[in-house]
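What follows is one structure encoded as structure tokens, with my remarks underneath.
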Amino acid sequence: MVALKTFNNLSAERQEQVLLVCLREFSLHDYETASLSAILTQLGLAKGSFYRYFESKKSLYIYLVDYCIQARVIHDEGLVDKQTNDFFDLMAQHFGAKMSFDKKYPLHSAFLYNVLQEKRNDELGDIKQYSKERVLGVIRLMVADWVKRGQLRNDVDIDTIAFMVLQTQLSIFDYIAIRYRVDFGSNIKEKGILYDLPETELLSISKQFVTVLKNGIATS
């Protein structure tokens, strides 16, 4: 989904204002209960003006998914060392960058978290699967490159490896929720953030997950 020409012709500052208001509404509510009227009121827009920006609520939502994923990719590129010769070190760097992104762009992260909680519905379809497929596309390219370099197994399907990398990242946040009794949904509503935990502890946890993915759990 793409924004309509009228939205793209807005100043960068106004575009950001519109997107942040939309992200806040979709972070605090699921898709069905999120209110376009509330968004329009905050932005001082008439309903007709909104439909000159986006064709529908669905097109806005999918645009936000793509927008936030792209923002995450750009953010990561500025923090990871592309010259590293170790895939698993790079993976740990990406997990660290994810935590940095969560703190720097709390609304983006809260929205993406909510996307993964959405149930399939007739209007959106399976948005959870859509968002995962978008992220998997990015990871798949990285995995394919490291298979060519000879650091990852070439007897395992690239899609399988990419899926394992994604699931490891998602599992870290499930683990955080259990270990620290973090209620991400409540945090979003009450504090506007996913979590507020020591970065050193989070990085230590992510490195342990990467180690397990690399070496397994059997003794050598």
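The values are calculated or read from the model by the stated rules, or taken from the named source; none is laboratory data. Note that this is a predicted model, so its numbers are computed, not measured. Glycine gets a Cβ as well: all are built from the backbone with ideal geometry, and neighbour counts include every protein chain shown. The protein model used for the area step is the full one, side chains on, heavy atoms only, and it has no ligands, DNA or RNA in it. Shrake-Rupley method; radii C 1.70, N 1.55, O 1.52, S 1.80 Å.
Looking only at region 99-127, filter to residues that are among the small types (Gly, Ala, Ser) and part of a helix (DSSP H, G or I); which one of those is farthest from the chain's Cα centre (by Cα)? Show your work before the answer.
Taking region 99-127 as the starting set, the residues that turn out to be among the small types (Gly, Ala, Ser) are 100, 109-110, 125.
Subsequent filtering for residues that are part of a helix (DSSP H, G or I) retains 100, 109-110.
Values: 100: 12, 109: 6, 110: 9 Å.
By that ranking, first place goes to 100.
Give me the pairs, please: first residue somewhere in region 120-137 and within 12 Å of residue 62 (Cα to Cα), second residue anywhere and small (Gly, Ala, Ser) and in a loop (DSSP other than H, G, I, E, B), beta-carbon distance under 9 Å, and either six or more positions apart or on two chains.
Pairs that qualify, where the first residue is within 12 Å of residue 62 (Cα to Cα) and the partner is small (Gly, Ala, Ser) and in a loop (DSSP other than H, G, I, E, B), are 123/56.
Just checking, how many residues over region 64-81 are open to solvent by 40 Å² or more (accessible area, probe 1.4 Å) and either more than 13 Å from the chain's Cα centre (by Cα) or aliphatic (A, V, I, L, M) (or both)?
5
Among 33, 6, which is among the polar types (S, T, N, Q), surrounded by fewer than 17 Cβ atoms within 10 Å (Cβ to Cβ), over 19 Å from the mean Cα position of the chain (by Cα) and not in a helix (DSSP H, G or I)? Explain how you work it out, then say what you get.
Details: 6 fails: not in a helix (DSSP H, G or I).
Answer to the check: 33.
Would you be able to tell me the number of residues in region 160-184 that are in a helix (DSSP H, G or I), loosely packed, with under 14 Cβ neighbours inside 10 Å and either in contact (Cβ under 8 Å) with a residue 60 or more places away in the chain or more than 19 Å from the chain's Cα centre (by Cα) (or both)?
3
Checking residue 45 against (1) outside any loop (DSSP other than H, G, I, E, B); (2) among the hydrophobic types (A, V, I, L, M, F, W, C); (3) farther than 16 Å from residue 165 by Cβ: exactly one of these is not met. Which one?
Of everything listed in (1) outside any loop (DSSP other than H, G, I, E, B); (2) among the hydrophobic types (A, V, I, L, M, F, W, C); (3) farther than 16 Å from residue 165 by Cβ, residue 45 misses just condition (1).
Which numbered condition trips up residue 192, out of (1) under 22 Å from residue 61 (Cα atoms); (2) open to solvent by less than 20 Å² (accessible area, probe 1.4 Å)?
(2)
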